[in-house]
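Structure record follows, encoded as structure tokens.
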Amino acid sequence: MSYKHIVVALDLGEQSEYLANRAANLARALDAKLSFIHIDINYTEIYTGLIEVNLMDSQVASTKNSTKQLQELGDKIDYPIDGILVGRGDLVDELSEAIDEKGFDLVVCGHNQDFWGKLLSNTRHMIHEVPVDLLVVPLKS
């Protein structure tokens, strides 16, 4: 099977560069386009109480920061990055929407093989819901 446009889902943690390089190596071997996606938490959906901080300003700053980090990561990768996407909300919902809009045919994601990875991983949800092929790269802590 040949993939044309790969998207790598990044959490911007310490293993993001490793995961991005793995995806870049695969894209290079397949002569495919490569994009990055990061989904921030939507705090307005989580918090329902009173708050004095303007969440919109905070979310705009968070999106700018995430975009900057992805651009810097793209500069470190020895492969051209076709697109950088930053969303907010549920990972699988936002990822599925991006797949429909951009035509990604492979999602690369990491899975932490530690206690927290077993307890809080999004991987199982992605396996059941993402409408294209999914490559899960094991990440050791």
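The values are calculated or read from the model by the stated rules, or taken from the named source; none is laboratory data. The structure presented is a predicted model; accordingly, all values stated were derived computationally and were not measured. Counting neighbours? That spans all protein chains shown, and the Cβs are built from the backbone with ideal geometry, glycine included.
Could you give every pair whose Cβ atoms fall below 8 Å, whose first residue belongs to the stretch 60-77 and is over 21 Å from Tyr18 (Cβ atoms), and whose second residue is not acidic (Asp, Glu), counting only separations of at least 6 or pairs across chains? Close Cβ pairs (under 8 Å, with a partner that is not acidic (Asp, Glu)) amount to Thr63/Val86; Thr63/Arg88. Condition first: in a strand (DSSP E or B) and modelled with pLDDT of 85 or more. Now tell me which residues in the stretch 110-141 satisfy that. Scanning the stretch 110-141 gives Gly110, Asp133, Leu134, Leu135, Val136, Val137, Pro138, Leu139. Filtering the stretch 87-109 to residues that are among the aliphatic types (A, V, I, L, M), within 12 Å of Ile6 (Cβ to Cβ) and assigned to a helix (DSSP H, G or I) leaves only Ile99.
For Arg88, the conditions (1) under 12 Å from the mean Cα position of the chain (by Cα); (2) modelled with pLDDT of 95 or more; (3) basic (Lys, Arg) all hold with the exception of (2).
Within the stretch 10-24, the set of residues being touching a residue at least 24 places away in the same chain (Cβ under 8 Å) and over 16 Å from Val107 (Cβ atoms) comprises Leu12, Gln15, Glu17, Tyr18, Asn21. Going residue by residue through the stretch 44-67, is there one that turns out to be assigned to a helix (DSSP H, G or I), acidic (Asp, Glu) and modelled with pLDDT of 90 or more? Scanning the stretch 44-67 turns up no residue that is assigned to a helix (DSSP H, G or I), acidic (Asp, Glu) and modelled with pLDDT of 90 or more. Residue count for the stretch 2-43, restricted to those that are modelled with pLDDT of 95 or more, aliphatic (A, V, I, L, M) and outside any strand (DSSP E or B): 10.
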